[in-house]
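Here the structure is laid out as structure tokens; the discussion comes afterwards.
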Amino acid sequence: MLSKKYKLQSSLSSQKLSVIKSIIFSSLLIGLLFAFLFDLALGSVEIPINEVVKILLGQEPQKATWANIILKFRLPKALTATLAGAALGVSGLQMQTLFKNPLAGPFVLGISSGASLGVALVVLTVSATTPTLLADLGIISDFGLVIAASFGAASVLGMMLVVSRRVQDTMTLLILGLLFGYATSAIVSILLQFSSKERIQSYIMWTFGSFGGVTWKQLVVLIPVILLSLLGALLQSKSLNALLLGESYARSLGLTVQKSRFYIITSASILAGAITAFCGPIAFLGVAIPHLCRSLFNTSDHRILIPSVIIMGAILALIADFFSQLAVSQMVLPLNAVTALIGTPVVTWVILRRNSQKSFSS
């Protein structure tokens, strides 16, 4: 009798938790919709939300210029921000699981620096020797940037994975990640010395991070690359859950660890590399977003975390985008400055929480 009562209570409790998670997930979707619309409405020219909706539905707005502003400039930027937040969040989540390190992320472990090196090698060397090549290649050049950035990110990620097998200490791993980042930055600095002033200026502006420089033509490349990589990450949910419990346990479940690790590295590298190629190295989002979702849903299940990270990442990226525009009149702040203000409190909280848990256990 007691056993039946316990099972009933347990079933009711799990149903209640499922309902709460569904409500939270629905709230995030609504939040994403509002964040997307506000990002389209706010800027140097404010456009009413109802007019934004009209334009998106193909109807005539009150002013014809509003349609041009939305469709030519703000909609590509908002779509880019949505993709970037989702991609960086999922990439960070995969790295944190792979390295079993709560502070792992594309920027912290030097992955973004590796992607930046890939972009620099293409932009500062290929373009310098053949100035019109990238312009003439069009969409092929965009794929070239994605491939170069992803290869650079994968190279650093692979080195970090090799090092992580020998180094178990979290802080040592983070320091090594910073060192890899400094090494790639040094190579970029050398390349800059042999580049023209115009290319140096363009590269420096690119490093500040921005969602506004991506065109519709580039989105034709970026959207399928990111969506396919996110789908690949979703398909790896069970593998990521198994790896959380250790490689021995994962093997006992019949998982081919080496193959799964390769797929995870590939997905994380493409997600971080593609966004870095088009938007610049964007800091902190990859570290902060997975922790926010873990706290919000109180779970480590990647079947729940990956979809929630996609939505939460998109929301935070959109928020960062319109704050970068609204903070100073007639100016756009560097995106990395805004994401740092969002991400720093979360990273600080993670470090303090880990220290308090260690002191409590001791």
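The GNM of the chain, with springs linking C-alpha atoms under 10 angstrom apart, assigns the highest mean-square fluctuation among V257, V309, V287 to V257. Dipole orientation for the chain: of the candidates S248, F25, F208, S248 has the Cα lying most toward the positive pole (charges on Cβ; Lys, Arg +1; Asp, Glu -1). Running a GNM on the chain with Cα contacts under 10 Å, which residue among I226, I310, I200 ends up with the highest mean-square fluctuation? Among I226, I310, I200, the largest GNM mean-square fluctuation belongs to I200.
For the chain, the carbon plus sulfur part of the accessible surface works out to 68%, probe radius 1.4 Å.
Using the Cα atoms of the range 185-343 to build a convex hull, what is its mean projected area in square nanometres? Intermediate results must be reported in sequence, preceding the final value.
Numbers: hull surface 47.4 nm².
Hull-based average projected area comes out at 11.9 nm².
Dipole check for the chain: with +1 at the C-beta of Lys and Arg, -1 at the C-beta of Asp and Glu, and the Cα centre as origin, the magnitude is about 1400 Debye.
I'd like the projected area of the range 221-311, averaged over all directions, using the convex hull of its alpha carbons. Report it in nm² with one decimal. Across all orientations, the range 221-311 yields a mean hull projection of 6.2 nm².
The Cα center of the range 251-320 and the Cα center of the range 210-226 differ in position by 19 Å. Computed with a 1.4 Å probe over protein heavy atoms only, the accessible area of T348 comes to about 60 Å².
A compact globular protein would have a Cα radius of gyration near 2.2 N^0.38 Å; the ratio found for the range 151-273 is 1.33. Counting pairs of Cα atoms in the chain, how many percent are more than 27 Å apart? Result: 50 percent of Cα pairs exceed 27 Å. Between L145, L157, L228, the Gaussian network model of the chain with springs among Cα atoms under 10 angstrom shows the greatest mean-square fluctuation at L228. Of all segments of the chain bounded by trypsin sites (Lys or Arg not before Pro) found in a DSSP loop with no more than 16 other C-beta atoms within 10 Å, the longest spans 101-362.
The values are calculated or read from the model by the stated rules, or taken from the named source; none is laboratory data. Model, not experiment: these values are computed from the prediction. Neighbour counts are summed over all protein chains in view; Cβ atoms, including those assigned to glycine, are modelled from backbone coordinates with ideal geometry. What goes into the accessible areas is simple: the full protein's heavy atoms, side chains included, and nothing from ligands, DNA or RNA. Shrake-Rupley method; radii C 1.70, N 1.55, O 1.52, S 1.80 Å.
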